[in-house]
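Each remark here refers to the structure printed beneath this line.
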Amino acid sequence: MPSACDSLLDDIEDMVTSHDPTPHERQFARRNIVPRPRKHQLQPAGEELQTDSVIPGTQKIWVRTWGCSHNSSDGEYMAGQLAASGYKITENPSDADLWLLNSCTVKNPAEDHFRNSIKKAQEQNKKVVVAGCVPQAQPRTEYLKDLSIIGVQQIDRVVEVVDEAIKGHSVRLLGQKKEKGKRLGGARLDLPKIRKNPLIEIISINTGCLNACTYCKTKHARGDLASYPIEELVERARQSFQEGVCEIWLTSEDTGAYGRDIGTDLPSLLWELVKEIPEGAMLRLGMTNPPYILEHLEEMVRILQHPRVYAFLHVPVQSASDSVLMDMKREYCCADFRRVTDFLQERVPGITIATDIICGFPGETDEDFEQTMELVRQYRFPSLFINQFYPRPGTPAAKMEQVPAHMKKQRTKELSALFHSYKPYDHKIGERQRVLVTEDSFDSQYYVAHNKFYEQVLVPKKPELKGKMVEVDIYEAGKHYMKGRPVEDAQVFTPSIAQPLQKGQVSGLPQSDSLNTSRSWRRGRSVVPRACDGQLTAARESLRLKGWT
């Protein structure tokens with residue numbers, strides 16, 4: 001007979017009664033609850049509680065995210081809620097008790113990495129919770145059997161799911177959030193989060209899209225367009241700047257389609273957001289498909305010229321062949337993409353247009369591919385994402401006649417060689433540029449900054465430059481970067497209106513508490529003796545009433 005820990009719960013609602021507090025009641029109650037450890041029972045420093053039962057919230061969690069910036073934001077939100085509830089977020093997977101794996105379904109290799117990570121966790125006897133687009137789109141996949149799943153619209157309940165996974169239960173939350181019958185954008189934007197980079201806030205402005213591209217699996221997971229209200233997005237940006245953020249990224253499956261479901265549009269949102277950006281801080285726009293930016297070109301020019309908005313736009317073309325675009329159901333022709341690119345380049349001199357190309361889509365001929373090569377020769381895109389086509393299960397493109405694998409590889413190789421044949425930044429050597437320093441370089445030898453056109457500039461790794469707007473002289477250029485030398489005696493400008501949070505600090509909590517709250521909660525939990533089951537239940541409910549679940 002199976003034990004209680006082996007049981008499968010189809011949905012965590014099976015555990016909830018009508019007498020339990022609603023999320024709104026929990027949010028209200030959290031203001032009045034201060035968990036306190038009983039001092040006379042505190043464990044000596046470094047000593048772990050020895051029990052013969054599982055106490056959720058005392059474990060270490062490793063969060064791994066694959067995919068787009070939208071997915072990255074979801075991962076940050078899940079980590080923040082877990083930390084706010086007492087769990088310790090660790091960067092060491094071998095040290096973790098549970099792996100939270102946040103997946104991407106765009107390409108086969110991304111799912112392969114995800115599947116291999118699940119297998120590795122199981123081999124190491126780690127608890128596993130899966131999230132993201134793969135389980136949302138195909139929850140009945142064999143390798144996900146018996147695993148706990150958090151749907152893309154259910155990330156606000158990650159604590160509940162992890163709690164049950166820690167206890168050995170399997171919980172699956174895959175429902176859609178609705179209000180008055182209308183699909184909502186997703187989880188609340190005011191949830192706690194742990195930003196991977198305390199200087200950068202990633203804001204999802206909508207989820208899902210209006211297209212039905214024949215190759216896309218993400219649509220199966222994220223669904224149709226659902227936008228967040230402008231006031232909620234503005235409030236999230238405002239809070240981010242109050243926590244020391246100096247750069248905001250807007251993200252979604254298609255930012256250009258924002259607002260069409262709620263009676264507004266992208267320019268209306270952007271003009272409200274720029275009012276909140278402090279001097280020296282910057283806003284980066286996310287990916288937009290050509291059909292939804294065409295009608296806003298004049299307005300987008302004015303926005304991209306704004307001194308606090310990067311003159312950068314990611315507009316995927318995927319192919320320069322109208323025949324291929326039609327088979328992809330992209331809802332535009334190559335002339336539309338050219339119109340967008342030409343219009344913006346003419347009116348926003350120096351603008352960076354990034355684009356995506358798929359090599360070897362079903363039915364693509366040599367002539368089709370040559371049209372794509374010619375497009376790249378003409379525009380010499382400084383940022384080009386080259387993808388070999390992978391048929392994703394359940395998509396119409398997977399059933400089409402496939403281009404032979406060796407031909408897909410050859411076309412990918414040819415396009416990559418063309419891309420690497422030109423250097424987009426050599427002519428900028430000797431320029432003086434103003435850049436915002438936000439990140440560490442991949443090799444940790446430099447800080448990474450970006451100029452007005454979101455071009456990457458490497459600067460010396462001096463702590464006083466991090467999070468600052470500085471002037472540099474460009475003295476070297478590579479394929480993907482420039483190197484800048486700070487101008488002596490030039491003013492170093494601090495764009496943030498507050499000190500940035502420390503790495504690992506939880507956003508959305510009172511700053512005086514965010515470093516110590518989780519620690520005190522863990523102490524409070526660790527001192528509850530096993531004999532006092534009633535006290536343990538009360539302590540758990542107090543933590544629930546923090547309002548984040």
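The values are calculated or read from the model by the stated rules, or taken from the named source; none is laboratory data. What you see is a predicted model, and the numbers here were worked out from it, not measured in a lab. Here the Cβ is made from the backbone with ideal geometry for all residues, glycine too, and neighbour counts use every protein chain on show. Surface areas here come from the heavy atoms of the whole protein model, side chains and all, with no ligands, DNA or RNA. Shrake-Rupley method; radii C 1.70, N 1.55, O 1.52, S 1.80 Å.
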Open item on the list: Please go through the stretch 476-499 and give me each residue that is assigned to a strand (DSSP E or B) and under 24 Å from ALA354 (Cα atoms), ordered by number.
Closed with: GLU476, ALA477, MET482, LYS483, GLY484
TODO: Take the stretch 111-126 and flag every residue that is closer than 22 Å to ALA397 by Cβ, in contact with a helix residue (DSSP H, G or I) (Cβ under 9 Å, 6 or more places away or on another chain) and open to solvent by 20 Å² or more (accessible area, probe 1.4 Å).
DONE: ARG115
Open item on the list: Given the criterion open to solvent by less than 10 Å² (accessible area, probe 1.4 Å), over 21 Å from CYS216 (Cβ atoms) and in contact with a helix residue (DSSP H, G or I) (Cβ under 9 Å, 6 or more places away or on another chain), identify the matching residue among PHE389, PHE381.
Closed with: PHE381
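Please state which one of ARG485, ARG525, ARG432, ARG530 is at pLDDT below 95, in contact with an Asp or Glu (Cβ under 9 Å, 6 or more places away or on another chain) and basic (Lys, Arg).
Working: ARG485 fails: at pLDDT below 95; ARG525 fails: in contact with an Asp or Glu (Cβ under 9 Å, 6 or more places away or on another chain); ARG432 fails: at pLDDT below 95.
When all the criteria are applied, what remains is ARG530.
Output the residues belonging to the stretch 64-109 that are in a strand (DSSP E or B) and buried (at least 21 other Cβ atoms within 10 Å of the Cβ).
THR65, LEU98, TRP99, LEU100, LEU101, ASN102, SER103
Among the listed residues LEU233, LEU250, identify the single one that is within 20 Å of LEU509 (Cα to Cα) and either free of Cβ contacts under 8 Å to residues at least 40 places away in the same chain or open to solvent by less than 30 Å² (accessible area, probe 1.4 Å) (or both).
Working: LEU250 fails: within 20 Å of LEU509 (Cα to Cα).
Every option except LEU233 fails the conditions.
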- [ ] Please state which of the following conditions GLY280 fails to meet, knowing it meets all the rest: (1) modelled with pLDDT of 95 or more; (2) surrounded by fewer than 22 Cβ atoms within 10 Å (Cβ to Cβ); (3) in contact with a strand residue (DSSP E or B) (Cβ under 6 Å, 6 or more places away or on another chain).
- [x] (1)
